[in-house]
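Structure, as structure tokens:
Nothing in this text is a laboratory measurement; each read-out follows from the coordinates by a stated rule. The structure displayed is predicted, hence computed values, not measured ones. Glycine gets a Cβ as well: all are built from the backbone with ideal geometry, and neighbour counts include every protein chain shown.
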Amino acid sequence: MAEALQQKLPDQSLVIVDPADALEPPAPALTIRYREQNRTQDWLVGQLIWQVQQEPPVTGPALELSVMDKNLQGIDLASFAEALIQISGLRISNPTD
């Protein structure tokens, strides 16, 4: 997910924070969370939840990915992340565009 976001916004700073490890919650302009709903070796369901500063969080639709005759691999997960960003309705753009 982080790689897909970084490719979409190459000039932006992307910080991955584990809330359990953070001493103080970060105060970014946009917080994006990935919620995994289910996962096996060949099946994945998840969704994005994002929040702009102090506004209420927005939950995007769930997306499912399954493969046959193999386990999920990095290439599958990259396309899943890109599709998840696309269907979420999350409006992010590179300021240089």
Cut-off 15 Å between beta-carbons: net charge of the residues surrounding Glu3, Lys and Arg +1, Asp and Glu -1: -1
Extension gain (nm, one decimal) between Thr40 and Leu14, 0.36 nm per residue minus Cα-Cα: 6.6 nm
Packing-based ranking, highest mean first, of 65-78, 35-48 given that Cβ atoms within 10 Å are counted: 35-48, 65-78
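Based on the mean of other Cβ atoms within 10 Å per residue, sort peptides 51-58, 81-88 so the most packed one is first. It would help to have the intermediate numbers written out before the result.
On the way: 51-58: 10.0, 81-88: 17.2.
For the peptides 51-58, 81-88, the packing ranking is 81-88, 51-58.
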Leu30-Gln73 pseudo-label distance in nm [points 7 Å out on the Cα-to-Cβ vector]: 3.1 nm
